[in-house]
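The values are calculated or read from the model by the stated rules, or taken from the named source; none is laboratory data. Owing to the predicted nature of the structure, the values given are computational and were not obtained by experimental measurement. When we count neighbours, we look across all protein chains shown, and the Cβ atoms used for this are built from the backbone with ideal geometry, even at glycine. We work out accessible area using only protein heavy atoms, side chains counted, and drop any ligands, DNA or RNA first. Shrake-Rupley method; radii C 1.70, N 1.55, O 1.52, S 1.80 Å.
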Amino acid sequence: MRLVMTEPVERTDRPYARRWWALLVLCLSLLIIVMANTALTVAAPDMTRDLGLSSADLQWVIDGYTVPYAALMLLLGAIGDKYSRRGALVLGLLVFGGGAVFGYLADSAATVIAARAVMGVGAALIMPATLSLLAATFPRAERAKAITLWTATAGLAIAAGPVVAGALLRDHGWSSTFLINVPVAAVAIVAALVLVPPSRAGHHDRIDYVGGLLSVLWTGALVYMIIEGPHFGWGTKAVAAAVTAGVGLVAFVLWELRHPRPILDVRRFTGRRFAGSNLAVALFFLAVFGAFYYLTQHLQFVLGYDALETGVRMLPLAGAVFVGSALTGWLTPRVGMKWTVSAGMVGGTTALALLTRVDAGSTYGDFVAPLVILGLAIGLALSPCTDAIMGAFPESELGVGGAVNDTSLELGGSLGIAILGSLLATSYGDHLSDATAGSKLPTSALDTAQDSVGAGYAVAQGIGEKAQQAAARAQRASDPQQAAQLKQQAGDLAAGARQMADAVGSAFSDAVAHTSLVGAVILGVGTVLVAVLLPRRETGAPGTATAEKELVDSAAE
């Protein structure tokens, strides 16, 4: 007979008295790890200029956080389950805060990437711990409401990151966007020790470290491939990562199927509700992260808003997430998660479809409706999916459940930035080439401008500065003929600068529309698959069978 012991906090008959204060601490912890990525999007231009980052450097500054974050979550979630979920949260906050200090002091591309990697390790401890502690602290009757607030916090963080970073960048350098995490992490650590109850799994079985290491191998290799291939070409590194990911995944599945106490029972993915929820989370964040990636660039570069103004203009998305979360809290118990999740995914598809109308003449007003619809869609769809995923795990495996949910989220986000980001870059380059065909602009300038929208505007600005210099020399020239030639040169350069700027803006707008179309198709197809997978009505509370089995075992003992 298996002995099952549970901590008092996990017993749903006597809820923890300060559970809503504990939820505030968990949401605060979630807020900083999501903001760590969204804040970087507006700090990237300043960082690039200050450190002289290449496009490859900048890509790895962004994704150096993602690889350890996605790869380590499952193993660290299981370790937190066995030893201490609150301990994992506090340790993660310490590591995350230390990485933020490291990033503040960094003075080169290598040190910034290393700091981001350290923060990624901290996030891999924090993220599954927040969900596992939430599920362990709240009784099942209140868990869906708590998860809804957790999801709404993630939506707030998506928009709050650029606002906070933009406000700091007006008076401080890019390194300040790292330092803001330190006091928040310090407050969260103290609050966690005071308000969050200790929690761990009741069983004392050995952790399946072989399965955990295989999960690190295949997940890390997959994320590396997703980053390396689309951005840097399918060379030896990307192909080797793809092979490693494939072999590692097969080995992981075979090992988990044979292990008596696997780190993750892969048979759960045969359940339609569980599989459909994970697919919905991955597809949704593919669309959200991809759209966020190019929308912030369009607002900054094409429409000319600074970092703070860009962040403020993303706030309709955050507000809509809260409204959508409130709606799903009311709708899901009445109509079932199949309909709310499907409605949310239809809304996300609609938002991307509206962005296909973006062109060179578009203003911010053209982005408000897609942002609001996308926010409503996030609120509607994600809370029921997270609740279903967490409900599929017994109380002893809540950390693993949180890690599965968060891995789906992170893999989807990585795919969104890689696939849609790569498509955006290719489409922008092609449209810019067409827009500048037959122009007298130097070939080297055109090649540089095709690298990114930021590079394109930098080229246009450089040509404009040369025009001003030529005009100044014309005014100082004593020879009338030379002055006339310099004036002609200045005029040609000024016209070239305007032509380049117009071409860059038009090409990027067309690329946003084209990329949004592809994103809408991907999410639309995914919506159909998720609707087919999810059962029409739930036959019981999520995870009821596993939870009841554990309670029966405990009572028998």
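If you filter segment 142-231 for trypsin sites (Lys or Arg not before Pro), then keep DSSP loop positions with at most 10 other Cβ within 10 Å, what is left? Walk me through the numbers on the way to the answer.
Numbers: sites: ARG143, LYS145, ARG170, ARG200, ARG206; in loops: ARG170, ARG200, ARG206.
For trypsin sites (Lys or Arg not before Pro) across segment 142-231 that sit outside H, G, I, E and B with at most 10 neighbouring Cβ atoms in 10 Å, the list reads ARG170, ARG206.
Test of understanding: what is the full-extension gain from VAL239 to SER478, defined as 0.36 nm times their sequence separation minus their Cα-Cα distance?
On the way: separation 239, 0.36 × 239 = 86.04 nm, distance 6.29 nm.
Contour length minus Cα-Cα distance gives 79.8 nm.
What distance in nm separates the two pseudo spin-label positions at ALA369 and ALA251, each 7 Å out from Cα along the beta-carbon direction?
For ALA369 paired with ALA251, the spin-label model returns 5.2 nm.
Shape of segment 362-447 from its Cα gyration tensor (a ≥ b ≥ c, root eigenvalues): rounded if a/c is under 1.5, otherwise prolate when a/b > b/c, or oblate?
On the way: a/c = 6.27, a/b = 2.30, b/c = 2.72.
The shape class here is oblate.
From the helices alone, meaning DSSP H stretches of at least four residues, give me the mean residue ellipticity at 222 nm for the chain, per-run term -39500 (n - 2.57), in deg cm²/dmol to the nearest 500.
Values: 21 runs with 435 residues, N = 557.
Computed mean residue ellipticity for the chain: -27000 deg cm²/dmol.
Loop-only trypsin sites (Lys or Arg not before Pro) in segment 393-498, please: DSSP not H, G, I, E or B, and at most 14 other Cβ atoms within 10 Å. Don't skip to the answer; put the middle values down first.
Numbers: sites: LYS440, LYS466, ARG473, ARG476, LYS487, ARG498; in loops: LYS440.
Taking segment 393-498 and a limit of 14 other Cβ atoms within 10 Å, the loop trypsin sites (Lys or Arg not before Pro) found are LYS440.
Going by Cα centres, segment 451-467 and segment 261-315 are how many Å apart?
Centre-to-centre (Cα) distance: 31 Å.
So, R0 is 25 Å and r is the distance between the beta-carbons of GLU465 and ASP306; what FRET efficiency does that work out to, to 0.05?
Numbers: r = 20 Å, r/R0 = 0.82.
With R0 = 25 Å, the Cβ-Cβ based efficiency is 0.75.
Please list HIS298, HIS172 in order of solvent-accessible area, largest first, computed with a 1.4 Å probe with all protein chains present. Kindly include the intermediate steps, with their values, before the conclusion.
Working: HIS298 0, HIS172 105 Å².
Largest accessible area first, the list is HIS172, HIS298.
Give the calculated FRET efficiency between ASP492 and ARG14 to the nearest 0.05, with a Förster radius of 60 Å applied to their Cβ-Cβ distance. Numbers along the way, then the final one.
Numbers: r = 80 Å, r/R0 = 1.34.
According to the calculation, E is roughly 0.15.
Restricting things to Cα coordinates, could you compute the convex hull volume per residue of the chain in Å³?
Enclosed volume per residue, from the Cα hull, is 142 Å³.
5 Å is the cut-off here: which amide hydrogens, built 1.01 Å from N in the peptide plane, fall below it relative to ASP208, excluding neighbours closer than 5 in sequence?
Here ILE263 satisfy the definition.
What distance in nm separates the two pseudo spin-label positions at ASP451 and VAL210, each 7 Å out from Cα along the beta-carbon direction?
In this crude spin-label approximation the distance works out to 4.8 nm.
So between ASP171 and ALA56, what do we pick up on full extension, going 0.36 nm a residue minus the alpha carbon distance?
Working: separation 115, 0.36 × 115 = 41.40 nm, distance 2.78 nm.
Fully extending the segment from ASP171 to ALA56 adds 38.6 nm.
Just read off the accessible area of TRP218 with the full protein assembly in place, 1.4 Å probe, to the nearest 10 Å².
Only protein atoms counted, so the area is about 40 Å².
Percent relative contact order of the chain, based on C-alpha pairs within less than 8 angstrom and at least six residues apart?
On the way: 987 pairs, mean separation 115.3, N = 557.
Computed value for the chain: 21 percent relative contact order.
Could you state how much accessible area MET337 has, in square angstrom rounded to the nearest 10, with a 1.4 Å probe and all protein chains kept in place?
Approximately 10 Å² of MET337 is accessible to the 1.4 Å probe.
Round to the nearest 10 and report in Å² the accessible area of VAL518, as given by a 1.4 Å probe over the protein chains' heavy atoms.
Approximately 40 Å² for this residue.
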